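These notes concern the structure reproduced below.
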Protein chains: 4
Amino acid sequence: MFVLVNLKAYPCDPVAVANAAEAVATEHDSDVAVAPQAAQIQSVTETGVETWAQHVSPVEHGSHTGSTLAESTADAGAVGTLLNHSEHRLKLADIDASLDAAERAGLSTVVCANNPDQIAAVAALGPDAVAVEPPELIGTGTPVSQADPDIVRDAVAAAERVDPAVDVYCGAGISTGDDVAAAEELGADGVLLASGVAKADDPRAALESLVEY
Amino acid sequence: MFVLVNLKAYPCDPVAVANAAEAVATEHDSDVAVAPQAAQIQSVTETGVETWAQHVSPVEHGSHTGSTLAESTADAGAVGTLLNHSEHRLKLADIDASLDAAERAGLSTVVCANNPDQIAAVAALGPDAVAVEPPELIGTGTPVSQADPDIVRDAVAAAERVDPAVDVYCGAGISTGDDVAAAEELGADGVLLASGVAKADDPRAALESLVEY
Amino acid sequence: MFVLVNLKAYPCDPVAVANAAEAVATEHDSDVAVAPQAAQIQSVTETGVETWAQHVSPVEHGSHTGSTLAESTADAGAVGTLLNHSEHRLKLADIDASLDAAERAGLSTVVCANNPDQIAAVAALGPDAVAVEPPELIGTGTPVSQADPDIVRDAVAAAERVDPAVDVYCGAGISTGDDVAAAEELGADGVLLASGVAKADDPRAALESLVEY
Amino acid sequence: MFVLVNLKAYPCDPVAVANAAEAVATEHDSDVAVAPQAAQIQSVTETGVETWAQHVSPVEHGSHTGSTLAESTADAGAVGTLLNHSEHRLKLADIDASLDAAERAGLSTVVCANNPDQIAAVAALGPDAVAVEPPELIGTGTPVSQADPDIVRDAVAAAERVDPAVDVYCGAGISTGDDVAAAEELGADGVLLASGVAKADDPRAALESLVEY
């Protein structure tokens, strides 16, 4: 199970979380990545942890002020990017163009969506993975696997039907190893989480409980 | 005259331009800053050059994925930020909130606008500076000071009327020292430029011609 | 005092509210207008009431699908338009262009904003009027004149300083004649309201209480 | 073949085009509809022609100023709506919510997209129809069926694969009956066009040539 920790715009120390993630990943031979603010990608990368962007813009090199060029995140050390997170919804045409941008820059991609129909839609655009995150559960501490397991099952089935090569991650409300185990049980290939680690008093302990499921 | 070099999403080497800018600023005792992609702020800062963000989001610490938190750019080394560039227009309420965010993070601010009425509008929000950039001249190589000097004069007068403490910069089409001198003549306190330096074969020579006006 | 009733996307009968508004305006020789959905402008106009648009797009005639062309609302009978309502915030450059569009189509304009600084900003763009609506009070039933009278006073002063020809309206929480009187006392030239009339069991009685202040 | 004439924000007389469309539809027993600005839906409906909206917002009844409530277009007489036109791109989540809104209001739906991958994506959201409109061909007079027939074939195949119940329309560059015949040949169930009729000197003649293919 892939564990992607989204630091959002939280007031945590991104390097401290990154160090914890890197230690846990190494010790447990787990696949853990951290997605900081774009301006912190370089310092997070320097910890050795797998680093992701939270978003890349649907642009190529050129006159685009204030965008997040996919290549600039890759140059800083990112190896993947989230797209269309519920806190940063994109136009459909821009999801498509941002996927092109990410591929051009060699970034892996996870496109978020909030129900099985939308999961089918984004799977049709050929990302590496999709993540189902019912907006009403984000940040609640109630895992989607518990609150509405059918959404995960239906998302897995929807992605499978459209493109079996697309992985499915499960987001919203994940905070314990049991939540990770439940997500895996439902067919997910990974989990997205944020506050459960980024706001934890002890991010390393939080991560350990996640990977020791 | 303040010289702010916006690297946009150009395929230039941001560190090379930053080194050139730092050398020219030191040698000529000039005020030169460089605004790279957010993901390159840290590496540009490490050259010692004054570093700016191209944009900051109107958010505080919290659940905001894919935003550009003002504090994150300051943590990476930025000391100022552009806002409302013609390639990244903002809602009026967001310019206001982004100015609050920048102030909170200790960043200087330049708000762009494309005519004297809009300059008066953004000056009323209390930024450190405003920049008049008629969109039709951006990237043309024809300086606004030449194409339409009245726009600069009227922008200076408009900002002065609303808030005399607000500096006025002049953008669009600046590429030579003569353009900088003309902007100063018209009452501007600085210039914004991009392709004239970022796309130059020799960015250092381009910057020297700008500061030796 | 001008009374502008914004019907938003409420499930009320726009023609019934319009008839009530027209009757009250005639009987009390008051200045009352109704702003329905664009698709209802024609039927509302047919009641004889002064009819406003809730928004017009910053476009001219041309290839703009799904826009609200200023001329199309005028052709249907609108004589004015709201702009930049807190439920439909616009980019600064688009407020400017939408004001041009409204002027071109002969529509009066009220630009909303949520604090005195933003009121100064929009007044600088030359609208007929501005409306101060602190977002936190919209729909609360607590009038801004009571919750925070200084915001209204400061908004009136800010607009006066920038352009004395610009009227100032007061929105958010207006529901009674006392609220209208208080707004007038604070220097406002009119009021914007919505739920107080549109959701009233008896819109005519609600309007009468407003104009008989 | 369904023929949907999008009047965009063109300076044509919407009622004149609607009368022409209604006459041609009746005379040739063809399926012709007209999509005017929201403010003209009522007057276009009064001609008897099948009337569509150019867009509906992803909102329900409530506090949404300046939106286009699906119910308001239906109340004015619309029986269908375009969504996600290349001139009005929507966020993926908003396409989904606007489809819900349209269904709630009893409107038929056509979701636009600009390539086969995006066609598969929007087909997964369950609209009545999708329309493939390569942006580079819109308004050119060069029909997609001629410029790039594979796009139409691939779009038809993509929609079929995702949901065989979804019709496929063909847009961009349609102006003659031959273009309609070519679209049908490639598997399309209808055509979208705009300038070919709305800007024609004789809209009725233009429509006749389209339905007499």
For this session: Any chance you could count how many residues in the stretch D:85-126 are closer than 18 Å to residue A:123 by Cβ and touching a Lys or Arg at 6+ places or on another chain (Cβ under 8 Å)?
Result: 4
For this session: Mind counting the residues in the stretch A:112-153 that are more than 10 Å from every other protein chain (Cβ to nearest Cβ) and closer than 17 Å to residue A:82 by Cα?
Result: 8
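In the stretch D:173-193, which residues are out of contact with any strand residue (DSSP E or B) (no Cβ under 9 Å at 6 or more places or on another chain) and β-branched (Val, Ile, Thr)?
Keep residues of the stretch D:173-193 that are out of contact with any strand residue (DSSP E or B) (no Cβ under 9 Å at 6 or more places or on another chain), which gives D:176-178, D:181, D:185.
Within the stretch D:173-193, D:176 is the sole residue that qualifies.
Results for (1) farther than 23 Å from residue D:44 by Cβ; (2) touching a residue at least 24 places away in the same chain (Cβ under 8 Å); (3) among the aliphatic types (A, V, I, L, M), shown as yes or no for each residue.
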site: C:43; (1), (2), (3): no, yes, no
site: C:47; (1), (2), (3): no, yes, no
site: C:50; (1), (2), (3): yes, yes, no
site: C:78; (1), (2), (3): no, yes, yes
site: C:87; (1), (2), (3): yes, yes, no
site: C:100; (1), (2), (3): yes, yes, no
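Can you go through A:183, A:205 and tell me which one is more than 16 Å from the chain's Cα centre (by Cα) and either among the hydrophobic types (A, V, I, L, M, F, W, C) or closer than 21 Å to residue A:136 by Cβ (or both)? Can you show your working first?
Details: A:183 fails: more than 16 Å from the chain's Cα centre (by Cα).
One residue alone meets the criteria, A:205.
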Seminar exercise, completed: Across the stretch D:15-51, the tally of residues that are open to solvent by 10 Å² or more (accessible area, probe 1.4 Å) and in contact with a strand residue (DSSP E or B) (Cβ under 7 Å, 6 or more places away or on another chain) stands at 7
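Would you mind finding the one in B:156, B:152, B:162, B:144 that is modelled with pLDDT of 90 or more and open to solvent by less than 10 Å² (accessible area, probe 1.4 Å)?
Values: B:156 fails: open to solvent by less than 10 Å² (accessible area, probe 1.4 Å); B:162 fails: open to solvent by less than 10 Å² (accessible area, probe 1.4 Å); B:144 fails: modelled with pLDDT of 90 or more.
From the options B:156, B:152, B:162, B:144, the qualifying one is B:152.
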For this session: Would you check which residues across the stretch B:114-128 are without any contact (Cβ under 8 Å) to a residue 40 or more places away in the chain, in contact with a strand residue (DSSP E or B) (Cβ under 8 Å, 6 or more places away or on another chain) and among the hydrophobic types (A, V, I, L, M, F, W, C) and list them?
Result: B:121, B:122, B:125
Exercise. Out of the stretch B:75-89, which residues are more than 9 Å from chain A (Cβ to nearest Cβ) and of a type in the set (A, V, I, L, M, F, W, C)?
Worked result: B:79
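Tally time: how many residues in the stretch C:165-177 are under 28 Å from residue C:37 (Cα atoms) and either touching a Lys or Arg at 6+ places or on another chain (Cβ under 7 Å) or open to solvent by 30 Å² or more (accessible area, probe 1.4 Å) (or both)?
Here is the first cut: in the stretch C:165-177, the ones under 28 Å from residue C:37 (Cα atoms) are C:166-177.
Among the residues that remain, those that are also either touching a Lys or Arg at 6+ places or on another chain (Cβ under 7 Å) or open to solvent by 30 Å² or more (accessible area, probe 1.4 Å) (or both) are: C:167, C:175-176.
Matching residues across the stretch C:165-177 total 3.
Residues in the stretch A:194-209: is at least one of a type in the set (Asp, Glu), touching a strand residue (DSSP E or B) at 6+ places or on another chain (Cβ under 9 Å) and buried (at least 16 other Cβ atoms within 10 Å of the Cβ)?
The first filter runs over the stretch A:194-209 and keeps only residues of a type in the set (Asp, Glu), leaving A:201-202, A:208.
Those still in the list that are touching a strand residue (DSSP E or B) at 6+ places or on another chain (Cβ under 9 Å) too: none.
Among the residues of the stretch A:194-209, not one is of a type in the set (Asp, Glu), touching a strand residue (DSSP E or B) at 6+ places or on another chain (Cβ under 9 Å) and buried (at least 16 other Cβ atoms within 10 Å of the Cβ), which makes the answer no.
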Seminar exercise, completed: The number of residues in the stretch B:57-66 that are open to solvent by less than 20 Å² (accessible area, probe 1.4 Å) and either closer than 12 Å to residue A:36 by Cα or more than 7 Å from every other protein chain (Cβ to nearest Cβ) (or both) is 3
Exercise. Can you tell which of D:27, D:103 is away from every other protein chain (no Cβ under 13 Å) and farther than 17 Å from residue D:8 by Cβ?
Worked result: D:27
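When you scan the stretch A:180-191, how many residues do you find that are under 15 Å from residue A:131 (Cβ atoms) and open to solvent by 10 Å² or more (accessible area, probe 1.4 Å)?
Let us first name the residues in the stretch A:180-191 that are under 15 Å from residue A:131 (Cβ atoms), namely A:180, A:183-184, A:186-191.
Cutting the leftovers down to open to solvent by 10 Å² or more (accessible area, probe 1.4 Å) gives us A:184, A:186-187, A:189.
So the count comes out to 4.
The values are calculated or read from the model by the stated rules, or taken from the named source; none is laboratory data. Since the model is a prediction, treat every value here as computed from it, not as a measurement. So basically every Cβ, Gly included, is an ideal-geometry build from the backbone, and we count neighbours across all protein chains shown. Areas reflect the complete protein model, heavy atoms only, side chains present, ligands, DNA and RNA absent. Shrake-Rupley method; radii C 1.70, N 1.55, O 1.52, S 1.80 Å.
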